[in-house]
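To start, the structure itself, in structure tokens.
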Amino acid sequence: MASSKGGGMEKMSVEQLKAIKEQTDLEVNLLQDSLNNIRTATSRLESASTALHDLSLRPQGAKMLVPLTASLYVPGTLDDAHKVLVDIGTGYFVEKTMDEGKDYCERKINLLKSNFDQLIEVATKKKTISDEATVILQAKLKQLAPASSS
């Protein structure tokens, strides 16, 4: 099974197989970290989109708590629910209409989901290569073990 999909791995030395396995395992771990970061960013954008929707339903002059950080809120008053500041990254904010803010969040969410799907595909391929290298490596080590114990 592994020999038909191994892509020539069965002809490699034990050292080469170990190197391929280590490299692909490292790549899978890095891709997993990226997937976790995308999940986190998507979750934040979904929360922001929900907050924009909730904000659009509040009347002008409504009292609310305004987040300064993830754990620090200050009291505030809603001045204009039709304009919002959108954090576009690296400390830059752009004033947008409520609809533009919602659209921005949706476009970013869709982009992240697309990137997530692509990374899943790459991670799956890398994991398959690692698994194939492991199977072939174990087979080669079994072949070498009787020879070296004789």
query = Using 0.36 nm per residue, how much length does the chain from residue 14 to residue 125 gain when fully extended, once their Cα-Cα distance is taken away?
reply = 37.8 nm
request  = Could you list which residues have their amide H under 5 Å from that of residue 62, counting only those 5 or more apart in sequence or on another chain, with H placed in the peptide plane?
outcome  = 78
task = Compute the label zone of residue 115 within region 67-93: residues whose backbone N is under 16 Å from the point 7 Å along Cα-to-Cβ.
result = 87-91
query = Leaving out same-chain residues fewer than 8 places away, which aspartates and glutamates sit with a Cα under 15 Å from that of residue 102?
reply = 46, 54, 87
Ranking by accessible area, most exposed first, for 10, 121, 15 with a 1.4 Å probe = 15, 121, 10
Calculated from backbone phi, Karplus (6.51, -1.76, 1.60) coupling profile of region 72-83 in Hz, x at Gly/Pro = 10, 10, 10, x, x, 10, 6, 8, 8, 7, 8, 10
key: residue 74/residue 30 FRET efficiency (R0 30 Å; Cβ-Cβ; nearest 0.05)   = 0.20
key: Å³ per residue enclosed by the Cα convex hull of the chain   = 152 Å³
key: Given 11/125; 96/127; 18/108, the pairs whose alpha carbons are separated by over 31 Å   = 96/127; 18/108
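The values are calculated or read from the model by the stated rules, or taken from the named source; none is laboratory data. As the structure is a computational prediction, the values presented were derived from the model and not from experiment. Cβ atoms come from the backbone with ideal geometry, glycine included; neighbour counts cover every protein chain shown. Protein only, heavy atoms only, side chains kept; ligands, DNA and RNA dropped before computing areas. Shrake-Rupley method; radii C 1.70, N 1.55, O 1.52, S 1.80 Å.
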